[in-house]
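Structure first, then comments.
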Protein chains: 2
Amino acid sequence: METLLVDASLSSLLNPASIAIVGASDNPDKIGGRPIYYMHQFGYQGTIYPVNPTRSEVQGEKAWPSLDDLPEVPELVIVAVPGQKAVDAVYRCADLGVKAAIVISAGFSETGDEGRAVQQKMAQRAAEAGLRLIGPNSQGLANFANGAIASFSTMFIEVEPQDGPVAVISQSGGMAAMMYGLLRQRGIGVRHMHATGNEADVTVSDLACAILEQDADIRVVLLYLESLQNPQTLARAALLARERGVTLAVVKSGRSETGARAAGSHTGALASEDRVVDAFLTQHGILRAADPPELARFAELLLNTPASGGTRTVIVSNSGASCVLAADAAEAYGLEIAPLKDETRARLSEKLVDFASTENPIDITAALLTNSRLFGDVLGVISDDPNADMFLLDIPVAGRGYDVAAFAEDTARFARESGKPVAVVAWQQPVAAAFRAQGVAVFEDERQAAAVLAAAARAGAWKRRFAGGEGAAAEQPAVGAGVLAMLDGVQADSSGRRFLSEHESLQVLAGSGFPVVDYELCTTLEAALQAAERLGWPCVLKACSARVPHKSEYGLVDVGLGSTAALEAAWARQSAALERLDVQADGWIVARQVKGLREMAVGLNFDPVFGPVVLMGAGGKYVEAMPDVAALLPPFSRDDVLDRLRGLRVWPLLQGVRGEPPADVEALVQAALRLGRLALVTAGRIQSLDINPVLVLPEGEGAVAVDALVELTEAR
Amino acid sequence: METLLVDASLSSLLNPASIAIVGASDNPDKIGGRPIYYMHQFGYQGTIYPVNPTRSEVQGEKAWPSLDDLPEVPELVIVAVPGQKAVDAVYRCADLGVKAAIVISAGFSETGDEGRAVQQKMAQRAAEAGLRLIGPNSQGLANFANGAIASFSTMFIEVEPQDGPVAVISQSGGMAAMMYGLLRQRGIGVRHMHATGNEADVTVSDLACAILEQDADIRVVLLYLESLQNPQTLARAALLARERGVTLAVVKSGRSETGARAAGSHTGALASEDRVVDAFLTQHGILRAADPPELARFAELLLNTPASGGTRTVIVSNSGASCVLAADAAEAYGLEIAPLKDETRARLSEKLVDFASTENPIDITAALLTNSRLFGDVLGVISDDPNADMFLLDIPVAGRGYDVAAFAEDTARFARESGKPVAVVAWQQPVAAAFRAQGVAVFEDERQAAAVLAAAARAGAWKRRFAGGEGAAAEQPAVGAGVLAMLDGVQADSSGRRFLSEHESLQVLAGSGFPVVDYELCTTLEAALQAAERLGWPCVLKACSARVPHKSEYGLVDVGLGSTAALEAAWARQSAALERLDVQADGWIVARQVKGLREMAVGLNFDPVFGPVVLMGAGGKYVEAMPDVAALLPPFSRDDVLDRLRGLRVWPLLQGVRGEPPADVEALVQAALRLGRLALVTAGRIQSLDINPVLVLPEGEGAVAVDALVELTEAR
């Protein structure tokens, strides 16, 4: 899949060619010693520059008195010196052109107003210099793919690392370490373990986007969040995760009043009401776990089977009591107990002891002790039942006399062949280990298993909802790095302008895959005449300036230009108008004149409460007098768009009335999807985007934007 | 504490002097071999009689061809032969006068109607012979106090037993084994592990009562129930547990519709609506856990600190994020985040780093790494705060550099000294082990800890509610074995009588500690005259027969007999009346004539829906014409009784009006408490108990029952 946007500066955090440690220590248990110790241990291949004014060597590496003395500008600097020294080091990094710094040092915004002011000033200087900052008050980042362990976490000593398909990102270092440890305890490999601390610059969501963009091996991304300061970036991460088939799951703590207050005093962040957070996560298809241990459990099941076809669950146990407990737990988590087909039940009755019930839950009874194949036999029968979406296998008692290895092998084969989620419940460690060794997810009790299966069902429902795609069409370019760079360039523009020119706006649209009228941007009349010849007559001429957003009001738009003479005359008129406005044109748009069947107005608006909203309605000159508009919150599906279009007054016209042909509704739907996706990809950069009109052609002929105006949000 | 009732027949199940095994096997992995193997291994000191017609020796013990060949009647027989052989063995036990049998064999009610009929017939024969039955389809019983392991559970091989203060009782063998294993995994000693199977006779609640009566070392009783067929027995167990300070906690599964259905097909039991079950458990102060693992967690905390003074919880962590998660979890489980006193906060600020918040939750920050005493210091400060009821200590990260042993010692000392519940959260096994080694309860996540603390708070609230006692007065006999034996004797009475005589009824009352008028039961006129001399004139004479419950209607009551002559005349009149009724007197009651200040009617009624109900109201002849009655569901407290008495129309009179002295309300309250307690102790045996009147004397002089009529429920 194509990369949407690679933020190279974040890449310096994840894959630095060289790392300097300011405050490097020879003692591997000191904060300034741990990263070097870990990088040696875990095979970092880049250059390590210990910076320490009092030593010539640190842990076997040549040490340097200061950042200025290094033989090159290091790509990443770890700042592990206290107080003002840390601030000084960051300013020096900015001066030297270092790309990224991780400030481990504490004592900033978490200590109160004074520390907050110092932190803000430091972050501002870094932003001006293009220096990306992690922290301050960060435990650091760790990437086990390349051994770039810029972290002082104790946990890598306590629990041996192993590279794997999981990324853990957290504001809190403690929670990052804990999630890492819980995953490793379950035998799950963890590649990324990052802690962002005070988030003066880079946030958890930023790193999530960077990893989703840059690391194709990652299949599960787990986040611990105490606040949601940049929900649009998290929404972008969710889009990336959906499109790449990656599981994105979060813990958002501070649910309770006291919890939220504690979170505030801990990170100084504002807390959203928890129901709003829940609605936001649901809207974006982000799985929510109650706490880090549950997040680790989500990972165990969803690594192997990220989504389920439904909620219909089959329960199998060698204990009738566990059947009852599992059914209780399943229903408590909203799962349905799958009604088995008669054929399945008939086949089950051949396998089970006489008096065992063939209803779901299936009690295979203690007969398992004498017939070790019973487990595999029963799984073989139920795997064929189309009513079964997921499986909860509950083994409360096993041990001497039970062929647990055979059960585990049978289960693993069954899981592979069925392609459906399988959760085993086993509290006995040897039993759990036997199943884990076969790659089967194991949980300690029925409620834990049911919660994870319910997550798989939610993921499955979201997957089906977006099965039609979200506007990332294969034949058209996705939103490219160029578009985002342009938006960011304008935002960083010191003139403070908020509107893109028509050309820039159309480029943003085109970059999103939205169909745009065929046009050329010309700076001379000669070029304009050539363009018109290529595009065909009649054509449209528009003088283009970002300083004059509403150009038709100023006589800067001429349509239906049928000849060279008409184009020349229009050019002269518009030049005179610009002169009167004392404005220079950025260029002239010469566009093919398109005759649409229907005029629609389509737009994007950033609502202060709801975030991005895509608007669709009847276009043309009566759009304001007779509003007929549908709103959609991204992400939305093809069905969502059709559903809302059907609610418009103009819908019958789109279907074709009074002998007129039907309009190309599907093209309009695809256009709306691309606008929704653009909103997510640009993550809050666009305040509004008006396309009026979108000309919808007859069915099969498409739709096309002939005008567009992008307004940017105020610089972040 | 005095024993309420020792059911000797159940004692044969728990402490048998000899055990015969029908179907004894030399193979310790066979069902008939395991109990012998275990009894050898775990030191059973009684006599073992293997019964096996084909072997002369089994596992080193002399084997016997049949039960009939044994040199004595064994106290307990384990039946481990299949099908009809098992039925035959039970019938033989009945014939031989064996006291108790455990039927491990399956294939009875769980297989359908045919099996159910065989089971019922077998149980009926056992009941007739006074043979107590466990099972059929039972995994058996195990008592590690004496090594009487009449169980074939695999779990004693998987997880080493250790005697301890916990009893586990379950219908399901799997759940019994699982709970045993989960407790042992937490290092908790388990003495009793019993599985009742199909419960043709002895139920989980029966065994709970027996253990609570007979084993003073047990401090936590854990039950797994799928149905509640005999709630009154469970209510009796709850009374015993309250009075002995034992924690009684249950899992009642089948909460969901499918779960209930599965439970039904598993045990053939009717399912109550879960909300009703919940209300019942709450009414009786029985803690409810969601599943066996939670039950084991309850045990870990409540073994050391069975109750809390309130819900105000103090949270301490070395991670700000864990503070947030713990506060979320605490509030989700209804705990209050304790508002710390200003003085506590001032003292905390001396201990903590500058910027740490002294508000609860208390984030002691990573400073713990450099100052190992911080943990103990902070605990020392908060232990003095009167606002703190419970403590949740959360250690998400520790390891190299952390002095975990010191934290654990400090915490254990703190827990001992404060006497308040302390729950530690630590997922790292070495950290958890360090705390457990010091006797501190450890949980894997904040939700688990909060759930257990909430249970301790509930237990505390119940304890405070019943702090005034439940009518088991020290100076008066509790309900003794004699009373229950009498009730059971009448119930078993083949005449089918349902009413006790007045004398029997008054004895039941007196046995419960209820104050009863001074009287003698006489069979001759001479004895009656002597009694009257002793009791003083005037006296009361009542001819007493269980066949004439309403004797005043038949002229069998004479009051105000002031002389020998009057008594003789009354005797003659009543003898003539009896002759007319063709009834023989069981005896004549000669009672002291008491002049009460107020007449009250007090009674006990067994409602088919609500179980036992204690009724109190104005007595006397207008009681039916002008009802003025309050109802109370046992158990209830002194405050509950007072509260209901205040709602009676007669209340002002009890307080004293128009120059009359106040009545002895406290005596009336105590009498009501004793009646409530009698209802629980007799566990549904009494259909109704009418005391009309209870004469309430002036304040300080007591209250006294002068008449009583007990109606029994139909034989069970």
Q.
Just checking, does the range B:156-165 include any residue being free of Cβ contacts under 8 Å to residues at least 12 places away in the same chain and either of a type in the set (K, R) or in the same structural domain as B:G245 (by TED's automatic domain parsing) (or both)?
A. yes
Q) When the residues of the range B:429-463 are filtered to those that are charged (D, E, K, R), open to solvent by 30 Å² or more (accessible area, probe 1.4 Å) and in contact (Cβ under 8 Å) with a residue 40 or more places away in the chain, which remaining residue is nearest to the other protein chains (Cβ to nearest Cβ)? A) B:R447
Q: Would you please name the residue that is nearest to the other protein chains (Cβ to nearest Cβ), looking only at residues in the range A:388-423 that are under 23 Å from A:D342 (Cα atoms) and out of contact with any helix residue (DSSP H, G or I) (no Cβ under 8 Å at 6 or more places or on another chain)?
A: A:K420
Q) Only one residue in B:V559, B:V479, B:V540, B:V516 is surrounded by fewer than 17 Cβ atoms within 10 Å (Cβ to Cβ) and either of a type in the set (A, V, I, L, M) or modelled with pLDDT of 95 or more (or both), so which one is that? A) B:V559
Q: For B:L668, state whether it is outside any strand (DSSP E or B), touching a Leu at 6+ places or on another chain (Cβ under 8 Å) and closer than 14 Å to B:E599 by Cβ.
A: yes
Q.
Out of the residues in the range B:112-135 meeting the condition of being modelled with pLDDT of 95 or more and touching a strand residue (DSSP E or B) at 6+ places or on another chain (Cβ under 7 Å), tell me which one is most open to solvent (accessible area, probe 1.4 Å).
A. B:R132
Q | Per-region count, the range B:422-448, residues part of a helix (DSSP H, G or I) and not aromatic (F, W, Y) | A | 11
Q) Which residues, taken from the range A:213-246, are closer than 15 Å to A:R191 by Cα and touching a strand residue (DSSP E or B) at 6+ places or on another chain (Cβ under 9 Å)? A) A:D215, A:D217, A:I218, A:R219, A:V220, A:V221, A:L222, A:L223, A:V246
(Q) It is to be established whether one or more residues within the range B:668-685 are surrounded by fewer than 18 Cβ atoms within 10 Å (Cβ to Cβ) and within 21 Å of B:D628 (Cα to Cα). (A) no
Q: Among the residues of the range A:284-312, count how many are assigned to a loop (DSSP other than H, G, I, E, B), polar (S, T, N, Q) and more than 14 Å from chain B (Cβ to nearest Cβ).
A: 2
Q) Here are A:S109, A:S105, A:S138: which of them is modelled with pLDDT under 95, in the same structural domain as A:N198 (by TED's automatic domain parsing) and closer than 30 Å to A:D163 by Cβ? A) A:S105
Q) Hey, among the residues in the range B:326-357 that are at the interface with chain A (Cβ under 8 Å from one of its Cβ atoms) and open to solvent by 10 Å² or more (accessible area, probe 1.4 Å), which one's nearest to A:G107 (Cα to Cα)? A) B:F355
(Q) Tell me yes or no: at least one residue of the range B:266-288 is β-branched (V, I, T), touching a helix residue (DSSP H, G or I) at 6+ places or on another chain (Cβ under 9 Å), within 18 Å of B:V425 (Cβ to Cβ) and surrounded by 19 or more Cβ atoms within 10 Å (Cβ to Cβ). (A) no
Q) Within the range B:174-186, how many residues are under 23 Å from the mean Cα position of the chain (by Cα), at the interface with chain A (Cβ under 8 Å from one of its Cβ atoms) and either farther than 28 Å from B:P430 by Cβ or surrounded by fewer than 24 Cβ atoms within 10 Å (Cβ to Cβ) (or both)? A) 1
Q: Could you check how many residues of the range A:365-383 are open to solvent by less than 50 Å² (accessible area, probe 1.4 Å) and more than 18 Å from B:G112 (Cβ to Cβ)?
A: 11
**Q.** Pairs with Cβ under 8 Å, 6+ apart, first in the range A:644-656 and open to solvent by 40 Å² or more (accessible area, probe 1.4 Å), second of a type in the set (D, E)
**A.** A:R649/A:D628; A:L653/A:E660
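Every residue, every condition in (1) small (G, A, S); (2) at pLDDT 95 or above; (3) at positive phi; (4) open to solvent by 20 Å² or more (accessible area, probe 1.4 Å), yes or no:
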{"residue": "A:R191", "(1), (2), (3), (4)": "no, yes, no, yes"}
{"residue": "A:T196", "(1), (2), (3), (4)": "no, yes, no, no"}
{"residue": "A:A208", "(1), (2), (3), (4)": "yes, yes, no, no"}
{"residue": "A:D217", "(1), (2), (3), (4)": "no, yes, no, yes"}
{"residue": "A:V220", "(1), (2), (3), (4)": "no, yes, no, no"}
{"residue": "A:L223", "(1), (2), (3), (4)": "no, yes, no, no"}
{"residue": "A:L228", "(1), (2), (3), (4)": "no, no, no, yes"}
{"residue": "A:Q232", "(1), (2), (3), (4)": "no, no, no, yes"}
(Q) Looking only at residues that are part of a strand (DSSP E or B) and not basic (K, R) in the range A:184-211, which one is farthest from A:N146 (Cα to Cα)? (A) A:A195
Q) Considering the range B:229-259 alone, what residues qualify as being within 14 Å of chain A (Cβ to nearest Cβ) and either outside any loop (DSSP other than H, G, I, E, B) or under 20 Å from B:A459 (Cα atoms) (or both)? A) B:V250, B:V251, B:K252, B:E257, B:T258, B:G259
Q: Could you list all residues from the range B:316-338 that are in contact (Cβ under 8 Å) with a residue 12 or more places away in the chain and in a helix (DSSP H, G or I)?
A: B:G320, B:A321, B:S322, B:C323, B:V324, B:L325, B:A326, B:A327, B:D328, B:A329, B:A330, B:A332
Q: Name the residue, out of A:F152, A:F144, that is more than 13 Å from every other protein chain (Cβ to nearest Cβ) and open to solvent by 20 Å² or more (accessible area, probe 1.4 Å).
A: A:F144
Q.
Of the residues B:K62, B:K30, only one is more than 30 Å from B:L678 (Cβ to Cβ) and at pLDDT below 95; which?
A. B:K30
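The values are calculated or read from the model by the stated rules, or taken from the named source; none is laboratory data. Everything quoted here is computed from the prediction, not taken from an experiment. Cβ: placed from backbone, ideal geometry, glycine included. Neighbour counts: every protein chain shown. Surface accessibility is based on the protein's heavy atoms, side chains included, excluding ligands, DNA and RNA. Shrake-Rupley method; radii C 1.70, N 1.55, O 1.52, S 1.80 Å.
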